[in-house]
Structures are given as C-alpha cells and as structure tokens.
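Participant: Got a structure for you, questions after.
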Amino acid sequence: MKIDPTIKENLKEYFKDMMKQVKEKVIITSAYELSNEEEKTIISSLGLTGGKIEYKVDPTLLAGVIVTYGSKIIDVSLKGQLQNFKHILYESA
Amino acid sequence: MENLGIDGKLLLAQLLNFALFFVLFAKFISKPFLKFLQQEKQTEKDKEALMGKLKKGEEELVLKEKQLRTADKKAAVEMVEKAKEDGLRVREQILSEAKKDAEILKEKAMKEVEEERTKLHQDVKNKVADLSVLLVEETLQQNLDENSKKRITQSLLKNLPVIK
C-alpha cells in the first residue's frame with residue numbers, strides 16, 4: 001500500500017512525540033499523601049529536571065514510594081522490601 | 001541126533017542159508033544201512049550244532065537288547081538331568097534379572113519419593129514464608145501510624161538512585 005511521504009513523516013513525528021511523552025512521564029506512588037518537601041526530596045534525589053510528574057496514593061505500600069519512569073520502575077516501598085525478603089526466604093536452604 | 005529131532009541136513013542147509021544171508025547182508029545191506037545211520041547221526045549232529053548256534057545268537061541278541069535298553073535308559077537319564085540343569089540355570093537367570101529390575105524400580109521409586117519430599121519441603125517452606133510476610137504486612141498495616149510511615153519513608157528515600 002503506498003502512503004503519501006508527507007503523511008508518513010507526520011505520523012513518524014507524532015509517534016516519536018508520543019513515545020517521548022511516555023518515556024519522560026514520571027509516576028510517583030506513595031503509601032500516603034506526600035508533602036511538598038518530600039516531593040522535592042524525591043525529585044532532587046532522582047535528578048528529574050522536567051517533564052510531567054504524576055502522584056498517586058496506594059496505602060498497601062505501607063511506607064516508602066514506587067517511582068515509574070518510562071519503562072523503569074524503582075521500588076523503595078516497605079511492601080517491596082517485604083517481597084524481596086520473601087524471595088530471599090524462598091531461596092534459602 | 002535123529003532121536004533128538006535134529007536134522008543134520010536141514011541144519012546144514014539153515015547154516016548155509018544163514019551164512020549166505022550174512023554174506024549178502026554184510027555185502028549189500030549193512031554198508032548202506034550203516035551209511036544211512038551215519039548220515040542220520042551226522043544230521044543229528046548238524047542239527048544240534050545249528051541249535052547251539054541259534055541259541056547262542058539268541059542269547060547274544062538278548063544281551064545286546066539288554067545293553068541297548070541300559071544305554072537308552074542312561075541316555076534318557078542324562079537328558080533328564082541336563083534338562084533339569086538347564087531349567088535351574090534359566091530359573092536362576094530369570095530370578096537374577098527380576099532382582100535387577102526390582103532394584104532399578106526400587107531406586108527409581110526412592111528417587112521419586114526423595115524428589116517429592118524435597119518439593120513438598122520447598123512448598124511448605126514457601127507457604128510459611130508467604131504466610132509470615134502476609135502476617136507482617138497485615139500487622140504493619142494495622143499498627144503503623146502516619147508518623148511511623150513518614151519516618152520509614154524518609155529512611156527508604158535515602159536508597160533512591162539517580163535516573164538521569
């Protein structure tokens with residue numbers, strides 16, 4: 001199927017922008033509503049300079065946060081630590 | 001002599017007659033008769049000899065038959081003995097193979113039992129780990145207040161890596 005080159009280029013640019021937005025989108029999930037100080041601490045610790053940041057609350061995390069940046073996930077929640085501990089128990093003799 | 005009733009001439013004639021008879025008998029009859037008697041005697045002897053041979057042959061046959069029967073019996077006994085030995089050998093072989101197969105099956109079964117045991121042990125351990133962590137989570141969920149959560153969060157945030 002032949003596509004008009006101009007439309008093809010425009011589509012390419014559009015998808016690139018969408019991917020960029022997804023890549024640069026940051027979701028911070030915490031166990032409780034974070035204060036401004038805590039949010040700034042997180043942002044400065046991660047080295048995030050710009051982009052959209054979304055905040056979510058998930059009480060099941062118990063404590064700590066989970067940061068989702070594009071395809072990367074950084075889990076420093078208490079629930080995550082307990083899950084790691086569980087896997088260590090699985091692998092122990 | 002005439003008073004006694006003996007006639008001399010008659011007597012002489014009888015004597016002559018007898019002599020003539022004797023000569024004729026000796027010359028013409030006795031030889032063939034004797035020959036005939038000898039032949040009969042010989043025939044009897046031959047018959048006896050033949051009978052003896054036949055009897056001997058018969059005895060030999062009986063002996064041979066006896067010997068053959070003994071040999072056959074011996075051969076039959078040997079065959080039976082050999083068959084018994086072969087049977088025993090085959091039985092031993094079958095038993096030995098069956099024992100080997102049984103050992104192999106036993107080892108396989110033991111191995112499977114051990115594997116199952118290990119798997120069960122691991123499953124139980126995993127279940128215990130799951131339950132323990134679940135209990136801890138539930139307990140923390142119920143007992144952690146806001147301040148504790150904040151303190152823990154502050155402590156965990158120190159482990160945040162830099163993304164860019």
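Participant: Each residue of segment B:134-143 in turn: what ³J(HN,Hα) in whole Hz from Karplus with 6.51, -1.76, 1.60 and θ = phi - 60°, glycine and Pro shown as x?
Facilitator: Couplings: 4, 4, 4, 4, 4, 4, 5, 4, 7, 9 Hz.
Participant: Moving on. So what's the net charge close to residue B:144: Lys and Arg +1, Asp and Glu -1, counting the other residues with Cβ under 13 Å from its Cβ? Show your work: numbers first, answer last.
Facilitator: Values: positive: A:79, B:149, B:150, B:151; negative: B:137, B:138, B:145, B:146.
Neighbour charge sum, excluding residue B:144 itself: 0.
Participant: Whenever you get a sec, compute what percent of the accessible area on the protein assembly as shown sits on carbon and sulfur atoms (1.4 Å probe).
Facilitator: Working: 13170 of 21650 Å².
Here carbon and sulfur together make up 61 percent of the probe-accessible area.
Participant: Arranged from highest to lowest average of other beta-carbon atoms within 10 Å per residue, in what order do the peptides A:61-71, B:34-44 appear? All intermediate terms of the calculation are to be shown ahead of the outcome.
Facilitator: Details: A:61-71: 19.8, B:34-44: 10.2.
Per-residue Cβ counts within 10 Å, averaged per peptide and sorted highest first, yield A:61-71, B:34-44.
Participant: List the residues whose amide H sits under 5 Å from the amide H of residue A:55, counting only those 5 or more places along or on another chain, with H placed 1.01 Å from N in the peptide plane.
Facilitator: A:28
Participant: So with the 1.4 Å probe, I'd like the accessible area per residue for chain B, rounded to whole Å². The partial results should precede the final answer.
Facilitator: Working: 15290 Å² over 164 residues.
That works out to 93 Å² for each residue.
Participant: Restricting the calculation to Cα positions, tell me the Rg (one decimal) and the Dmax (whole number) of the protein assembly as shown in Å.
Facilitator: In order Rg, Dmax, the Cα atoms of the protein assembly as shown give 68.5, 211 Å.
Participant: Could you give me the ³J(HN,Hα) list for segment B:126-131, computed from phi with Karplus coefficients 6.51, -1.76, 1.60 and θ = phi - 60°, whole Hz, x at Gly and Pro?
Facilitator: 3J(HN,Hα) across segment B:126-131, in whole Hz: 5, 5, 4, 4, 4, 5.
Participant: Counting only other residues whose beta carbon sits under 9 Å from that of residue A:78, what net charge do I get with K and R as +1, D and E as -1? If you can, show how the numbers build up before the last one.
Facilitator: Numbers: positive: A:79, B:149; negative: B:137.
Residues near residue A:78 contribute +1 overall.
Participant: Below 15 angstrom from the Cβ of residue A:2, what's the summed charge of the other residues (Lys, Arg +1; Asp, Glu -1)?
Facilitator: Working: positive: A:8; negative: A:4, A:9.
Summing Lys and Arg as +1 and Asp and Glu as -1 gives -1.
Participant: Here is the link list: B:99/B:119; A:86/B:111; A:20/A:72; A:79/B:127; A:40/B:150. Which ones come out longer than 23 Å on Cα distance? It would help to have the intermediate numbers written out before the result.
Facilitator: Working: B:99/B:119 30 Å; A:86/B:111 29 Å; A:20/A:72 14 Å; A:79/B:127 18 Å; A:40/B:150 15 Å.
From B:99/B:119; A:86/B:111; A:20/A:72; A:79/B:127; A:40/B:150, over 23 Å: B:99/B:119; A:86/B:111.
Participant: Under 14 Å from the Cα of residue B:66, which aspartates and glutamates turn up, not counting those fewer than eight places away in the same chain?
Facilitator: Here the aspartates and glutamates satisfying the reach criterion relative to residue B:66 are B:58.
Participant: Can you list residues from other chains, or at least 5 along the same chain, whose modelled amide H is less than 5 Å from the amide H of residue A:63?
Facilitator: Under 5 Å from the amide H of residue A:63 lie the amide H atoms of A:78, A:79, each far enough along the sequence or on another chain.
Participant: So what's the back-of-envelope 222 nm ellipticity for chain B, counting only DSSP H runs of four-plus at -39500 (n - 2.57) apiece and dividing by all residues, rounded to 500?
Facilitator: Details: 3 runs with 143 residues, N = 164.
It comes out at -32500 deg cm²/dmol, rounded to the nearest 500.
Participant: In debye, nearest 20: dipole of chain B around its Cα centre with unit charges on the Cβ of K, R (+) and D, E (-)? If you can, show how the numbers build up before the last one.
Facilitator: Working: 33 positive and 30 negative charges, 117 e Å.
The calculated dipole for chain B is roughly 560 debye.
Participant: I need the shape label for segment A:15-93. Rule: rounded when a/c is under 1.5, else prolate if a/b > b/c, else oblate, with a, b, c from the alpha carbon gyration tensor. Could the numbers behind the result be given before it?
Facilitator: Numbers: a/c = 2.55, a/b = 1.54, b/c = 1.65.
Oblate is the answer for segment A:15-93, as a/c is 1.5 or above yet b/c matches or exceeds a/b.
Participant: Along the positive direction of the dipole of segment B:65-111 (beta-carbon charges: Lys, Arg +1; Asp, Glu -1; about the Cα centre), which of B:110, B:75, B:93 reaches farthest?
Facilitator: Of the options given, the answer is B:110.
Participant: What are the equivalent ellipsoid semi-axes of chain B, built from the alpha-carbon gyration tensor (square roots of five times its eigenvalues), in whole angstrom, biggest first?
Facilitator: Values: eigenvalues 4258, 44, 6 Å².
Gyration-tensor ellipsoid for chain B: 146, 15, 6 Å.
Participant: Once Lys and Arg get +1 and Asp and Glu get -1 on their Cβ, which of B:143, B:131, B:155 lies farthest toward the positive end of the dipole of segment B:21-164?
Facilitator: Highest projection toward the positive end goes to B:131.
Participant: How large is ³J(HN,Hα), in whole Hz, for each residue of segment B:76-86 in order, when computed from phi with the Karplus curve 6.51 cos²θ - 1.76 cosθ + 1.60 and θ = phi - 60°, using x for Gly and Pro?
Facilitator: Running phi through 6.51 cos²θ - 1.76 cosθ + 1.60 with θ = phi - 60° gives 5, 4, 4, 4, 4, 4, 4, 4, 4, 4, 4 Hz.
Participant: Write down the percent of antiparallel bridges among all DSSP beta bridges whose residues are both part of the protein assembly as shown, to the nearest 5.
Facilitator: In the protein assembly as shown, approximately 70 percent of DSSP beta bridges are antiparallel ones.
Participant: Using the crude model of +1 on Lys and Arg Cβ and -1 on Asp and Glu Cβ, and no other charge, please compute the dipole size for the protein assembly as shown relative to its Cα centre, in debye to 20. Please list the in-between numbers first.
Facilitator: Details: 46 positive and 43 negative charges, 239 e Å.
Around 1140 debye, computed over the protein assembly as shown.
Participant: Total accessible area buried between chains B and A, 1.4 Å probe, in Å² to the nearest 100?
Facilitator: Values: alone 16640 and 7620 Å², together 21650 Å².
Roughly 2600 Å² of accessible surface disappears when B and A pair.
Participant: Also: Roughly how many debye, to the nearest 20, is the charge dipole of segment B:1-56 about its Cα centre, given +1 on each Lys and Arg Cβ, -1 on each Asp and Glu Cβ, and no other charges?
Facilitator: Here the size comes out at about 620 debye.
The values are calculated or read from the model by the stated rules, or taken from the named source; none is laboratory data. Everything numeric in this text was worked out from a predicted model, so none of it was measured. When we count neighbours, we look across all protein chains shown, and the Cβ atoms used for this are built from the backbone with ideal geometry, even at glycine. Keep in mind that these areas ignore ligands, DNA and RNA; they rest on the heavy atoms of the full protein, side chains included. Shrake-Rupley method; radii C 1.70, N 1.55, O 1.52, S 1.80 Å.
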